[in-house]
Amino acid sequence: MPTHNGRRGYRLLAGSVLVVVLAVLALTASSTTGASKVSSQAAFRQQLGVFVTQMQVAATRYQATPQGRAAFARLGYHPSTQLARARASVDRMTPAQLAVLERAFNTYPGWQTIPLRLQRLVAKVHRRAGKTAFITPDDCATNRAAGITQTDVEIAADAALAADAVLEAIPNDLISEAVRAIAVLAWAVPQATLRGFEHEYNIASACDDADHQALVQQNLDVKVSTRATQSSLDSLTTTFNALNTLVNNRLDVAVSTRATQASLDSLTSTVNSRLDVAVSTRATQASLTAFNNEFTANAAVVNNKLDSIGTGVGNANTKLDALTVTVNDQGALDLRLKIEADLSEPGNHPIALFEVPASAGGYLGLTRSIVVDTIAKLQTAGQNVGSAQSFLDAGDAAAAAHDYKSAYADYGKAYRAAAA
């Protein structure tokens, strides 16, 4: 519904135009006019006749509705009688009267469009054949079916403001009753349409408010204090998150035995989709508190078992690491003994893998390291290593020349010279 402040703004705008109209109304004396003036007034008289006829159509259609009859009754205006009188007065007006009325109407350039705009608005409230023609107060179905919007009300208000401007510009004591009848016609029909439209729009809005209140009362059917509090839900969430973190950190077992993210997302989705009915059908604070206590007790049991599992897994890992070191040491020692055995027996055919460099997947580099280590240990123990160093140098030179077999043979000579 348009606000009083909004209408006041329109009236102030129209008032500025009315000053001009009031000045024109004082000029009631007839003046000598040429042929062009007579032609202009003839055209205005024809336009005025069409205006009154179209306005009569709008008023007749609107008066045929319960809303229209009520609106015209509140204004005290009888369209069938007063519109006919206005139509007849158009043909009897003197040139002076037409001049005053033409200047008054021209203060609103779109005055000829007012009847058609009102006819379009009135057409919206005509009911289809077979529908009841009576509207009772707060009949939601009827007023909503009319489809009156805020825009419709504003359009009717604009037309009513224009009519106010024309009517207020014509005082009773300055011109004839015939002129004023036309002005009253231009004012009454838009005013009746506006008031009727406001009536339907207000009832439809009231029905919407009532529906909203009913919806609120239907769902908020118990005291909020009897429901689970936010603090209790926050506490449960914190406990659940802590347990979930502990499970993820402690369980070093197959992931397939744990809850997946998809299952947690599914649980969350299920919870969200189920909280869609009246609050009274949901869990009470007492039941939630009991569940929280049981959940906390079970969480403590799970924590203890997880601690035990973690300790066992840690001990097993320590033993496995020690066993791995032992196996690796024994493997390295066994390989060294095999290399030293091959080096110490020059008459045997050498193992080919010992003659191949590391770049080709062999152990020639490891063989040299064993010879160097053997020479160093014997020298540390004060033993004579003979010509071991010269044979080692010869083996290095052969390896550099990619003569790996000769290099392995020289490393064997170095090893035997040191160990002899």
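The values are calculated or read from the model by the stated rules, or taken from the named source; none is laboratory data. Nothing here was measured: the structure is a model prediction, and the numbers come from that model. Here the Cβ positions follow ideal geometry from the backbone for every residue, glycine too, while neighbour counts run over all protein chains shown. The protein model used for the area step is the full one, side chains on, heavy atoms only, and it has no ligands, DNA or RNA in it. Shrake-Rupley method; radii C 1.70, N 1.55, O 1.52, S 1.80 Å.
Considering each residue of segment 313-368, count those that are in a helix (DSSP H, G or I), among the hydroxyl-bearing types (S, T, Y) and surrounded by 14 or more Cβ atoms within 10 Å (Cβ to Cβ), and give that number.
Taking segment 313-368 first, the residues in a helix (DSSP H, G or I) are 313-343, 352-355, 358-360, 364-368.
Now drop any that are not among the hydroxyl-bearing types (S, T, Y), which leaves 318, 324, 326, 359, 367.
Next, from what is left, pick out any that are surrounded by 14 or more Cβ atoms within 10 Å (Cβ to Cβ): 367.
Within segment 313-368, residues that are in a helix (DSSP H, G or I), among the hydroxyl-bearing types (S, T, Y) and surrounded by 14 or more Cβ atoms within 10 Å (Cβ to Cβ) number 1.
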In segment 224-262, the residues that are within 20 Å of G314 (Cα to Cα), modelled with pLDDT of 70 or more and open to solvent by less than 80 Å² (accessible area, probe 1.4 Å): T245, L246
